[in-house]
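Take a look at the structure below.
Throughout, read-outs are computed from the coordinates displayed, never taken from laboratory work. A quick note: this is a predicted structure, and the numbers were derived from the prediction, not measured. Virtual Cβ from ideal backbone geometry, glycine too; neighbours counted across all protein chains shown.
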Amino acid sequence: MPTNHFTESIKLLLILAFISLGSANDSYGANVASCSASESKPSKKHNVYFANQSSEPIKLHWIDNNGTAHPFKQLAAQQSFRFTSKQGHRFSLGKNDKPKPCFMIGNTRVQAIVYGQSKDLYFNNGQFHKADFKAPFQSTGYLVKLLGNTSFSQARNILSIDSSGIKKLSLRTPKNNNKQDLSAEVFEVKLGPSNTQSTPQQAKPWQILRLVIIDSIAEEKRQELADELAAIAARIPHYLAKHSKQIELHPGEGWPSANNSEHSFTMGVDTFNKLKQYGVIDSTFFHEMTHIALDPKFRNDHRWWQAQSQDQTVISDYAMKSPYTEDLAESYLPYYLLNCLPETLSQGKQETIQKTIKHRIAFFEQQIPAICG
């Protein structure tokens, strides 16, 4: 789960797929609110996303309290834009200076996919309908899982694991995500291709990964944990894992949490041991490394939002609870297994994945196809 969560307010994803700029009537495909003045009273903020899915530029204007339109943003073709605005503010958009539809922030009757507390609308062919987001996989995202001993026979070679001793570091704790100055033993792991026959001194590593283990974890356990962490990371496909720079292990409980900006993820050692016991530790690493590798580029991609809207289902309870932050990472693992390790899935489960995330699969195929082996 990523650490850069947005506010708990409703997330409005204004996906402008309904704009038909090429039509003779310059139709926008749906009824819109009148562009009256923005409300001036204080109100809560919303994260708003505009995405221009047309082939022409779109101009976005803000309507002030007097009803006057002011240039706000021009979106090039296929460009998306995120900003924060207040409930009651109005914006208009369109090409050139022709009459434009108006959108009021916080009004769920406009063209919006609503996430957060109000997951009850979806867009389809210019119309919005009620929808129940029900997960066909009643799980916490681990019903489809990677088993290290069977899933990856081509794990990368661990060229070396070297401790650089105890260091004082500013680290995010898994329980509250606050940074603290902590003492930790730091290991540097060099990973190479699975087929290398070179010695560690001769081989050029594919990836250098730092393992940070808090020194309150018993000294005799730290090397053992470093070896385990390195072995799991080596089993994750290189094209995902290569974006991760650091894994942190803290004492006690603490669910895994990824930090995209720092290319790292952290968890509690007790939770780590439980995930091993449940047989989902490889799945967990795959999930967190997907956050780090794919979220920065694709989580705000309007084509991904559109695929979510078209599927109208989610692959797990975890994705259902956090569709904006967790759905991409939850969906990519089943997609990967379907393409690269179908033998780990029953026929029924393969069919469920194909049916549940059909349009997401098409998005992955076009943007981030699975690399097997």
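Write down the radius of gyration of the range 215-267 and its Dmax, each obtained from C-alpha positions, in Å.
11.9, 33
Would you kindly give the portion of the calculated P(r) for the range 289-356 that falls above 14 Å, as a percent of all Cα pairs? Walk me through the numbers before you get to the answer.
On the way: 1367 of 2278 pairs.
Cα-Cα pairs in the range 289-356 separated by more than 14 Å: 60 percent.
Between their Cα atoms, which of LYS242/LYS274; LYS297/LYS355; LYS175/LYS274 are more than 19 Å away from each other?
LYS242/LYS274; LYS297/LYS355
Can you list the residues, at least 5 places off or on another chain, whose amide H is less than 5 Å from the amide H of GLU39, using H built in the peptide plane?
Under 5 Å from the amide H of GLU39 lie the amide H atoms of HIS89, ARG90, each far enough along the sequence or on another chain.
Over the Cα atoms, compute the radius of gyration (one decimal) and Dmax (the largest Cα-Cα distance, rounded to a whole number) for the range 191-308, in Å.
Values for the range 191-308 (Cα only, Rg and Dmax): 15.6, 50 Å.
What's the ranking of 222-230, 179-187, 330-338 by average number of surrounding C-beta atoms within 10 Å, highest first?
Listed from highest to lowest mean packing, they are 330-338, 222-230, 179-187.
Return the aspartates and glutamates within reach of LYS358: Cα separation strictly under 15 angstrom, same-chain partners fewer than 8 residues apart disregarded; answer none if there are no such residues.
Partners within reach: ASP311, ASP327, GLU330.
For ASN300, which sequence-distant residues (separation of 5 or more, or a different chain) have an amide H within less than 5 Å of its own amide H, given hydrogens modelled in the peptide plane?
Amide H neighbours of ASN300: none.
What residues qualify as long-range amide H neighbours of GLY252, i.e. H under 5 Å apart, gap of 5 or more or another chain, H built at 1.01 Å from N?
Excluding prolines and chain starts, which carry no amide H, the hits are VAL269, ASP270.
From the Cα gyration tensor of the range 259-373, with a ≥ b ≥ c the square roots of its eigenvalues, which class applies: rounded if a/c is under 1.5, or else prolate if a/b is larger than b/c, or else oblate?
oblate
Name the shape class, rounded, prolate or oblate, that the alpha-carbon gyration tensor gives for the range 135-373, where a ≥ b ≥ c are the square roots of its eigenvalues, rounded holds for a/c under 1.5, and otherwise prolate holds if a/b is larger than b/c and oblate otherwise.
prolate
Along the charge dipole of the range 135-373, Cβ charges K/R +1 and D/E -1, which of TRP305, CYS340, PRO193 sits furthest on the positive end?
Value: TRP305.
If you place +1 on the Cβ of every Lys and Arg, -1 on the Cβ of every Asp and Glu, and leave all else neutral, what size is the dipole of the range 135-373 about its Cα centre, to the nearest 20 Debye?
Magnitude of the dipole: close to 440 debye.
Which whole-Hz ³J(HN,Hα) couplings does the range 209-223 yield from phi under the Karplus relation 6.51 cos²θ - 1.76 cosθ + 1.60, θ = phi - 60°, glycine and proline marked x?
Each residue of the range 209-223 in turn: 10, 8, 10, 10, 10, 4, 6, 6, 6, 3, 4, 5, 8, 5, 5 Hz.
Can you list the aspartates and glutamates whose alpha carbon sits under 14 Å from that of LYS245, skipping same-chain ones fewer than 8 residues off?
GLU188, GLU262, GLU288
What shape does the range 239-288 have by the C-alpha gyration tensor, where a ≥ b ≥ c are the square roots of the eigenvalues, rounded means a/c under 1.5, and otherwise prolate means a/b greater than b/c and oblate the rest?
Taking the square roots of the gyration eigenvalues as a ≥ b ≥ c, the range 239-288 is oblate.
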